[in-house]
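The values are calculated or read from the model by the stated rules, or taken from the named source; none is laboratory data. On a predicted model such as this, the values are computed, not experimentally measured, just so you know. Positions of Cβ are backbone-derived with ideal geometry, glycine not excepted, and every protein chain shown enters the neighbour counts. SASA here: full protein model, heavy atoms, side chains in, ligands and nucleic acids out. Shrake-Rupley method; radii C 1.70, N 1.55, O 1.52, S 1.80 Å.
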Amino acid sequence: MKTKTSNLTLVDLAAQATRFLFFTGKGGVGKTSLACATSLALADAGRRVLLVSTDPASNLDEVLGQTLGSTPTAIPGASGLFALNIDPETAAREYRERLVGPLRGKLPDAALRSMEEQLSGACTLEIAAFDEFSKLLGDAAVTTGFDHVIFDTAPTGHTLRLLTLPKAWTGFFQANTTGTSCLGPLAGLQKQRALYEASVASLADATRTTLILVSRAQVAALREAERTSGELAALGVQNQRLILNGRFRAQTIDDPTAIALEERGTAAVQEMNGFLSRASVIEVPLRPHNMIGLDALRALFRTDDPAVAVHADESELPNLPELDSLVALVDKLAAAQHGVVMTMGKGGVGKTTIAAAIATELARRGFPVHLSTTDPAAHIAAAAGELAGLTVTRIDPIAETRAYVEYVMATAGRDLDAESRALLEEDLRSPCTEEIAVFRAFARIVAEGKDGFVVLDTAPTGHTLLLLDATEAYHREVARRASDMPEEVRELLPRLRDPDFTRVLVVTLPEATPVHEAAALQEDLRRAGIEPFAWVINQSFAECGSTDPLLRQRARNEAPFIREVADGLSRRTAIVPWVTEEPVGPERLQQLFQTNTQPVNL
């Protein structure tokens, strides 16, 4: 990574832009806003720009105000700017058809159905989406009409997997001798090998590719950025920048919320100074408005102080609806005496914090509680701390995969001859083995809800939906071979659909993108037969009584989204204020249960 450069701005980033730009970071840090704003600035400067989302839960459409598909769409009001979403579902359907289509009429229908079923898992979604990504990165002819291609990537865990796939699959080609894989005939993958290798070369070429790590002035987000930086550097991606987004400076000396917000950011920067001193850092100040629409995006590139420019509208708005506190929501959850509580929502909305708070409060009330996560980027143990009655774990894909492989070799492989055992071992090196192993661990933890409370902090929305898709696929598989599966796997989907056993909490912030993405998640859950128990609106400035002009304006901007959730999206809503101390550990998490805060007079 290059040495730190002081006084870098977003304008400098655009002026130094390479052909390919990647925006990545922990969920909720503002990747999409910054990717869109940078794309717009380059287009306004006369460049032809293609903006691409590789996030399964993309919200480019809402930010740009234009419905997008899988082909470049011109953005009205931004000459030269085009955008598209890589849709994993569509890519997977096309991928399956490329492999199965040529065999129609040549193989029996039963064999074709078996192949299609084999190609219906999350692993196929991953490689199919990467196929589309590789065309844009590794085949110059596909993007020949554009000066820049900008990728708004998925939250960090998914992005790392996406970026390591070229090397992973190249290694798989070299090691595999059976001619098949969990993705079907290897010939279908071999055709893409040159494209994958070209993608790796593009990523590692500093004259063509810049990686922009996006973070907030928060320790967890900065640690995630540091880890990502090191792992991507090891992959050869050395040309990196860091954007420290949403920096806040208090305008008043007597407002505890504003002072705490500024001090929390300063403390995080000081704690992570070793990493930041090695980075090329660009600071972007907190804005009072939502990053929706071209005008708001263009404002990100202005160098004026957004706090000075705030002109608070003091006219009164209708009163906000009366909502539950978090303690009232826990009262309702505790009444069941046991079961599963799952927090779900867009990355960065505070799912981990809400899960940790609920788990610690249930433990305080004397219940046995198991708090766990399926999110590879989660910091659940640090968030919850230690408390009597509380067990905290994380589903570790590496450990679960190792244990699953050992189990299969000790059972299915026990009586095989040497050649057959070698073939089985090779098959278990497939990436799909990890999906199965993690799925089984998830089912095992859910089953513990029979005897106590299980609180699951789930991954950001796109990964969560892939997990639910896997649940449905494995449920079909279990129906065919029930005797081969543990009881907890057979019972998983019925348990998730049982409102008396599983209570899903949809967590959001009082902002446009998190609310609308959560609404889409709710519809997907309902299609899977799962009805959310409640919504939690987290980190509300309208509930904390700040008098800072910028924070008051942000509080006013929350009102329509709070009403949208309470009046139209949720049958039960709790609201949690932004709190002055970082809610980490059992004692500080108690702040979230305070009910004596004074709301802003909206």
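For region 221-239, name all the residues that are hydrophobic (A, V, I, L, M, F, W, C) and surrounded by fewer than 21 Cβ atoms within 10 Å (Cβ to Cβ). A233, A234, L235, listed by residue number.
Can you name the residue in region 68-108 that is part of a strand (DSSP E or B) and not β-branched (V, I, T) and is also modelled with the lowest pLDDT among such residues? Out of the qualifying residues, it is L107. Taking region 224-278 as the range and being within 26 Å of L203 (Cα to Cα), in contact with a Gly (Cβ under 8 Å, 6 or more places away or on another chain) and assigned to a helix (DSSP H, G or I) as the test, the residues that pass are E224, A225, T228.
The combined condition, being at negative phi, open to solvent by less than 50 Å² (accessible area, probe 1.4 Å) and either without any contact (Cβ under 8 Å) to a residue 24 or more places away in the chain or not basic (K, R) (or both), is not fulfilled by T266.
The condition (being surrounded by fewer than 16 Cβ atoms within 10 Å (Cβ to Cβ), part of a helix (DSSP H, G or I) and of a type outside the set (D, E, K, R)) is satisfied by just one residue among A388, A381: A381. Return the residues of region 9-42 that are among the small types (G, A, S) and touching a His at 6+ places or on another chain (Cβ under 9 Å); say none if nothing qualifies. Within region 9-42, A17, S39 qualify. I'm checking my understanding of the structure. Among residues of region 142-153 that are open to solvent by 60 Å² or more (accessible area, probe 1.4 Å) and in contact with a helix residue (DSSP H, G or I) (Cβ under 9 Å, 6 or more places away or on another chain), which one is modelled with the lowest pLDDT? In this case the residue turns out to be V142.
Each row is one residue, and each column tells you yes or no for (1) within 30 Å of E263 (Cβ to Cβ); (2) touching a residue at least 12 places away in the same chain (Cβ under 8 Å); (3) in contact with a Gly (Cβ under 8 Å, 6 or more places away or on another chain).
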site: R503; (1), (2), (3): no, yes, yes
site: Q522; (1), (2), (3): no, yes, no
site: I537; (1), (2), (3): yes, yes, no
site: F541; (1), (2), (3): yes, yes, no
site: Q553; (1), (2), (3): yes, yes, no
site: A559; (1), (2), (3): yes, yes, no
site: L569; (1), (2), (3): no, yes, no
site: G585; (1), (2), (3): yes, yes, yes
site: F593; (1), (2), (3): yes, yes, no
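Got at least one residue in region 172-187 being crowded, with 16+ Cβ neighbours inside 10 Å, of a type outside the set (G, A, S) and modelled with pLDDT of 90 or more? Scanning region 172-187, I find no residue that is crowded, with 16+ Cβ neighbours inside 10 Å, of a type outside the set (G, A, S) and modelled with pLDDT of 90 or more, so the answer is no. Condition (residue is open to solvent by less than 50 Å² (accessible area, probe 1.4 Å), outside any helix (DSSP H, G or I), under 30 Å from I253 (Cβ atoms) and charged (D, E, K, R)) applied to region 551-562: is it met by at least one residue? Within region 551-562, not a single residue is open to solvent by less than 50 Å² (accessible area, probe 1.4 Å), outside any helix (DSSP H, G or I), under 30 Å from I253 (Cβ atoms) and charged (D, E, K, R). Here T18, T32 are screened, and the one residue that is at pLDDT 90 or above, surrounded by fewer than 20 Cβ atoms within 10 Å (Cβ to Cβ) and among the hydroxyl-bearing types (S, T, Y) is T18. If only residues of region 286-343 that are among the β-branched types (V, I, T) and at pLDDT below 80 are counted, the one that is farthest from R554 (Cα to Cα) is T303.
Within region 240-263, track down each residue that is open to solvent by 10 Å² or more (accessible area, probe 1.4 Å) and in contact with a strand residue (DSSP E or B) (Cβ under 7 Å, 6 or more places away or on another chain). R241, N245, G246, R247, listed by residue number. Reported count of residues in region 407-465, each being modelled with pLDDT of 80 or more, within 28 Å of the chain's Cα centre (by Cα) and in a loop (DSSP other than H, G, I, E, B), is 1.
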